[in-house]
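What follows is a single structure, written as structure tokens, with notes after it.
Values in this text are rule-based calculations from the coordinates and carry no lab data. Since we're looking at a predicted model, the values are computed, not measured. Backbone-built Cβ (ideal geometry, glycine too); neighbour counts: all protein chains shown.
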Amino acid sequence: MNRILSIALAVGVVTLLAGAALAQMGGGPAGGGMGAGMMGGGMGPGMMGGGTMGGGMMGPGMMGGAAGQAGAGAQPAQITEEKAKELAQQYADTYLKGFTVEKVLPFTGMHGTMYSVELKGAEGQVRTFHINPWGNVMPFGGAQRRSG
């Protein structure tokens, strides 16, 4: 009896997970899998197929539409080394009392120049942050001590 209940429970869990996966993809018995409105030919504006209102490959609800084409190439301005230093110090003042910026080292990231910033504490602790090209501060690793 326990074995039958275990098998029934396992089948029920698999069925539930499969149903959730199909619902996420828009398929299932009622949807018939991939149909119009997915990757097929029946896409409307706002999907990736470029419906009647589309501008090129994508409709106006996506980045390639009439509204999206004007802003597709526009990216936020990238920050300078001085701005990265200022942002790191603001972060330290808020979350790491007593830490000051020691070094700012630029490096090339996927979308532009990023910065690795070293902060030093009163007792010799060192913290490293990464700052992306748009000014997001990301703590990197835990507290460290320099030897020697």
About the Cα centre of region 81-145, how large is the charge dipole given +1 on each Lys and Arg Cβ and -1 on each Asp and Glu Cβ? Please answer in debye to the nearest 20.
-> 140 debye
Rank the residues Val104, Val11 as a footprinting-exposure proxy: fewest other Cβ atoms within 10 Å of their Cβ go first.
-> Val11, Val104
Residue-ordered couplings for region 83-97, obtained by feeding phi - 60° into the Karplus form 6.51 cos²θ - 1.76 cosθ + 1.60 and rounding to whole Hz (Gly and Pro as x), are 5, 4, 4, 4, 5, 5, 5, 4, 4, 5, 4, 7, 10, 10, 4
With the convex hull built on the Cα atoms of region 81-145, state its orientation-averaged projected area in nm².
-> 4.0 nm²
Residues with amide H under 5 Å of Gly135's amide H, sequence separation 5 or more or different chain, H placed in the peptide plane at 1.01 Å from N; which?
-> Ile79
Ordering 132-139, 113-120 by per-residue average of other C-beta atoms within 10 angstrom, highest first, gives 113-120, 132-139
The summed charge of the Leu96 Cβ neighbourhood (under 11 Å; Lys/Arg +1, Asp/Glu -1) stands at +2
Enumerate the amide H contacts of Glu102 below 5 Å, restricted to partners 5 or more residues apart or on another chain; note that Pro and chain-start residues carry no placed amide H.
-> Glu118, Leu119, Lys120
